[in-house]
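Derivation of every value follows stated rules applied to the coordinates shown; laboratory data play no part. Predicted, not measured: the structure shown is a model, and the values here were computed from it. Virtual Cβ from ideal backbone geometry, glycine too; neighbours counted across all protein chains shown.
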């Protein structure tokens, strides 16, 4: 096993060892100044240092609503998420996610409606908003032919969960929020704890 020893300017040395391998592999050094990292290095590899379309440690968050919230009939209402499970880049605040890494993000939103009595065909619409405008939506019908038809006429809790995206974020000013709208004729109460919002980066810009 051949080795090359490079002495340090003042003390010590660095040894480069070539293992016994078949063929003649080539190690090419970069033409710019920088630090070569090893598996034991404590240096930080940032998102900008990764290859194009590599996610790496992109932002991820999860938050939920700790108290109930009232949503009026046919009134588009921002859903509040005041408690965080986690927020890797500190990008979530005031029920809004503002990712600081440019890329494409996927979101999930679970909603629970308290004491709902189904008396006909009613709809609940979840909306992902980007920068204050509609970006994506999902609708749930509670009519006779829907998955909720067996609960017709009885007070119960509705629960539904949807995925939104991928949606692009520029990593600086773009932000995302969740909204709810329904046409059930009266105000509805959004349950605490199980009403949640989460998102994560799936691909860099």
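The figures follow:
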| item | result |
| --- | --- |
| Net lengthening on full extension, residue 11/residue 85 (0.36 nm per residue, minus Cα-Cα) | 21.7 nm |
| Residue-span extension gain [residue 2 to residue 172] - 0.36 nm each, minus C-alpha spacing | 56.2 nm |
| Simple spin-label estimate for residue 114 and residue 37 in nanometres, 7 Å along Cα-Cβ | 4.8 nm |
| The range 60-204: radius of gyration and largest Cα-Cα distance (Dmax), Å | 15.6, 48 |
